[in-house]
Structures are given as structure tokens and as C-alpha cells.
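Report on the following structure.
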Amino acid sequence: MTTAKATRAAIYVRISQDRGGAGLGIARQEGDCRALCASKGWDVVDVYPDNDVSAYSGAPRPKWQELLEDIHQGLVDAVVCWHVDRLTSTPRELEDVIDLADKRGLELATVSGEIDLATPTGRMIARMLGAAARHEAEHKAERQQRQRRQAAESGRVAGGGKRSFGYEDDRITIRESEAEHVREAARRTLAGESLASICRDWKGRGIVTVLGIPWKPAGMRRMLASARISGRREHTPRSSWEGTRPLLGEIVSDAVWPGIISHEDSDRLRALLSDPTRRKRHGSGRTYLLSGILRCGKPTEEPEKACGWGMVGRPRSGVPRYVCPNTPGTDACGGTATNATRTDEHVRDMVLAAFDSPVFMKRLRESDEDGTELYEKVRADEEELEELASDFGARRISRKEWMVARAPIQERLELNRAKLAKVSSKAVLLGFVGSYDDMLARWERMNPSQQRAVISSAVRAVHVLPANPRKRWDPDRFVIDWIA
Ligand SMILES: [Zn+2]
């Protein structure tokens with residue numbers, strides 16, 4: 001044996017936010033570790049600094065990997081760190097270190113206390129220290145979550161980030177110039193207009209976000225679906241995130257700030273905007289106002305039964321038309337077509353003429369369904385569903401019991417939601433109807449999405465009969481299926 005080589009020590013330092021306030025910066029850790037090495041007579045071969053956001057986030061630690069590699073290569077005899085909780089972030093990682101101590105005689109020294117991994121007692125201490133640190137971090141995460149929830153429940157203002165559209169920097173005072181636009185967007189969305197259409201209109205009018213950029217549909221969707229604009233706080237537990245924050249959180253309290261729109265409108269918007277079947281409409285090219293509303297009325301071989309397929313926009317030689325699609329794999333007949341421009345005008349005239357009639361107005365005003373009552377029914381059912389879910393969550397009922405109890409409520413809920421939507425569209429119409437000429441003037445100023453909302457509020461479908469080859473334009477081909 002030659003003279004004993006000095007122990008080659010690697011210093012591992014790590015900065016993470018869980019000790020941020022304790023003054024344990026990387027420099028301080030390194031200085032303390034170097035002093036420890038000097039007192040032990042160890043040579044410092046290298047310093048491995050990792051900078052991760054949290055000790056327990058499972059974020060990659062490249063320098064730690066490098067250190068393990070160097071230990072395996074036999075370049076390092078000892079590891080020095082400030083505390084066991086700096087060294088490993090999971091019990092499994094600690095076991096890896098203990099294994100290395102076993103197999104390679106790796107020594108471990110920490111500034112906060114002697115740990116001899118060669119002895120069972122030393123290992124036990126290391127494991128306990130690691131477990132304690134982990135417990136502390138988990139407990140801290142839980143505490144933060146609880147604090148966030150408490151803040152949400154007490155309706156306080158959440159800190160950080162930009163102010164919200166519609167509110168001043170204090171997040172409490174309503175900025176009326178913007179609040180007006182929030183109300184407008186809510187109204188138009190509830191009337192069935194697409195978010196893309198509202199964004200286009202706002203862009204033209206120079207209405208921008210708090211960042212000073214034009215509104216996009218995704219941002220508008222979040223704004224309109226937020227409980228915030230109705231003066232309520234919602235809580236979205238981190239555990240419910242799937243990559244991004246879910247659109248809807250759980251409404252936990254009335255907020256300290258006032259609402260811009262009513263709770264009722266907010267709930268309707270939230271239901272509408274979170275509906276996965278909500279159709280996406282894109283505004284490129286010509287908009288076919290009546291696609292989906294027009295139904296192919298060509299008779300089939302079965303008596304009394306028409307094709308019934310929804311007609312779609314499809315130009316021929318540059319002329320816009322609606323056709324029954326001959327899509328392979330469907331039983332659409334592909335046998336009906338009509339000029340789109342003339343059809344749009346014809347259906348518009350039929351609808352406006354109907355609105356102009358006193359009978360229609362009377363029926364509209366004598367709505368047999370009371371919106372408020374319906375709304376309360378919907379809310380009650382939603383609450384019952386939530387209660388059932390929490391009963392199931394707390395294991396007071398079984399999954400099967402939950403499913404069985406849920407089914408009839410959901411059925412009723414869907415029915416009432418559909419009715420509520422109809423009441424909402426009637427409300428839209430009340431603001432639209434007037435004399436034929438007034439309506440026509442208003443119609444011309446509307447975009448296709450708004451026009452479609454008006455038609456859908458009164459018309460369930462328009463059946464298009466096959467063309468009479470002797471007539472160029474035949475209004476009798478169109479049979480309107482009116483709502484109510
Ligand atoms: Zn057809």
C-alpha cells in the first residue's frame with residue numbers, strides 16, 4: 001500500500017423555493033460544504049449545482065445525474081451537501097445513495113450533522129431526515145392549497161398577474177367603459193352568436209384586452225365563463241388540471257368585488273361555453289346561413305318518408321348552393337340542390353314577415369315558460385348532482401347507487417336546460433322584432449352569426465322539396481317548421 005490518497009469529495013448544492021427564505025442560497029451552501037471538507041481534510045474535486053423549482057416537483061436534476069455518473073466512474077469518494085434534503089428528493093433516491101455507500105464505500109457528509117452511511121444507525125438517521133423533509137414539503141403544498149381555497153372562499157382578491165378586463169387595477173372597482181363590453185359580449189353569446197364573430201367585430205371597433213391586443217375566441221371564452229364577472233369566486237384545485245386550467249372551477253363564494261353580469265347570466269354562459277357539443281364555426285369564405293337548418297325533402301322509397309338529411313353549402317361554377325350531400329357511407333340522397341343566395345333571402349323574408357305579425361308577437365310575449373322558475377329548477381338539479389358526487393367521493397354511497405340516482409336528475413336537467421335556452425332566445429327576439437322595415441334594416445347590420453341566431457330562435461328546420469324542372473325559382477319548395 002502506498003500513501004493513502006486524499007478523499008475526493010464532490011459538493012452537491014441545490015436551490016429550491018422551499019427553503020428560499022432560509023438564506024440557503026447556493027453560495028452559502030457551497031461555502032459551508034467547502035469548510036466541512038477542509039475540516040475533514042478532503043479534496044473538493046467539483047461542485048454540482050442544481051437549480052430546480054421545488055424539491056418535490058420531480059423536475060429533472062441534470063447535475064445530480066452527472067454526479068451519480070461520476071460516482072459510478074469511480075471519480076468521487078465522498079459527497080458533501082448541506083442537509084440530506086438537499087441531496088435527494090425521494091426516498092428511492094436516498095436508497096440509491098445508500099446502495100452506493102454499500103457497494104463503493106461512498107462517504108456522505110452534511111453540514112447539518114454527521115451521517116455515516118456505513119452504519120445502520122447512520123442510514124436510519126438519513127432515512128428519517130429525508131422522510132421528515134419530504135413530509136414538510138408535502139405539508140407545505142397542502143397548506144398552500146388550503147390557503148388558496150380559504151382565500152377563494154372568503155371572496156378575497158387573488159394577487160398577482162394583470163388586472164381583469166372590466167375592473168380597475170384594484171380588481172374591485174368596475175371600469176364601466178369595459179364592463180359595458182363584457183355585458184355586450186355576454187348578451188351576444190347567449191343570443192347564439194359565435195365568439196369568433198364577436199372578436200372580429202371588436203377588432204373592427206378597436207376593443208382590446210388589458211394587454212392591449214385584439215381579443216381571440218379562447219380568451220373571450222375564458223372571460224365570459226369566469227365566475228369573476230358575476231362577482232363570485234371560483235376555486236380550481238390543482239389536482240383537476242390537465243395541462244391547462246379547466247374552464248370552470250367550483251363556485252365557492254360571493255366575492256368582495258361587484259359583478260358585471262348577473263349570477264343567472266353567468267351560469268347560463270358557463271353551461272353554454274363548457275358544452276362539448278357546442279359547434280365551432282369558422283368565418284372564412286362565404287357563410288352558409290342556413291346550413292344544417294335546411295333539410296332535404298326528397299321522398300324516399302319508404303312511403304311518407306323524406307331523405308331528411310341536413311343540407312350543406314357547396315358552390316357549383318362559383319354559384320353558392322345548398323345541396324343534400326352525397327357523402328359516402330351516409331344515406332343522404334344527394335338529390336336536392338338550391339341556390340344559396342335566393343334561399344337565404346326567401347327564408348329571411350318568411351321569418352321577418354312572421355315576426356311582423358301580431359299573432360307572433362302575442363305568442364312571443366305570452367311565453368308560457370317562466371325563465372326564473374326554470375333557472376331555479378336547473379340550479380336545484382345541478383346542486384343535487386354535486387351533492388351526490390360528493391356523497392360518492394366520501395364513500396357514503398357506492399358507484400352503482402351514484403349512477404342510478406344520477407340518471408333521472410340528468411335527464412330532467414337536460415330537458416330544462418333546453419327549455420331555458422329557448423326562453424333565452426325568446427328574450428333575444430323581443431329585442432329584435434319590430435316592423436318589417438325596421439327588422440330588415442337591423443338584419444342588414446347583423447353578421448351571419450347573429451342572423452343565424454335570429455332564424456334559429458323561430459325556425460326548427462326548413463324542408464326543401466325537390467325542384468320542379470319547369471320552374472326556375474319556386475318558393476313553394478320551402479316548408480318551414482316553426483318553433484311553437
Ligand atoms: Zn337528400
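Values in this text are rule-based calculations from the coordinates and carry no lab data. What you see is a predicted model; the values in this text were computed from it and never measured. Using ideal geometry, Cβ is built from the backbone for each residue, glycine included, and neighbour counts are taken over all protein chains shown.
Please give the residues of region 62-105, grouped as numeric ranges, whose backbone N is less than 16 Å from a label point set 7 Å along the Cα-to-Cβ vector of His139.
Taking a point 7 Å out along Cα→Cβ of His139, the residues of region 62-105 whose backbone N falls under 16 Å are 85.
So how much slack lies between Arg470 and Glu69, counting 0.36 nm per residue of separation and subtracting their Cα-Cα distance, in nm?
This chain segment gains 135.7 nm when fully extended.
Please work out how much length the chain gains when fully extended from Asp331 to Glu386, using 0.36 nm per residue of separation minus the C-alpha to C-alpha distance, in nm with one decimal.
Length difference between fully extended and current span is 15.7 nm.
Add +1 for every Lys or Arg and -1 for every Asp or Glu among the other residues with Cβ under 12 Å from the Cβ of Cys324, and state the total.
For residues surrounding Cys324, the net value is +3.
For the ranges 308-318, 291-301, what's the packing order if you count other beta-carbon atoms within 10 Å of each residue, average per peptide, and put the highest first?
Per-residue Cβ counts within 10 Å, averaged per peptide and sorted highest first, yield 291-301, 308-318.
Around Lys216, under 11 Å between beta carbons, what's the net of Lys plus Arg minus Asp minus Glu among the other residues?
+4
Once R0 is set to 56 Å, what does the formula 1/(1 + (r/R0)^6) return for the Cβ-Cβ distance between Asp437 and Lys400, expressed as a FRET efficiency to the nearest 0.05?
The pair Asp437/Lys400 has a calculated efficiency of 0.35.
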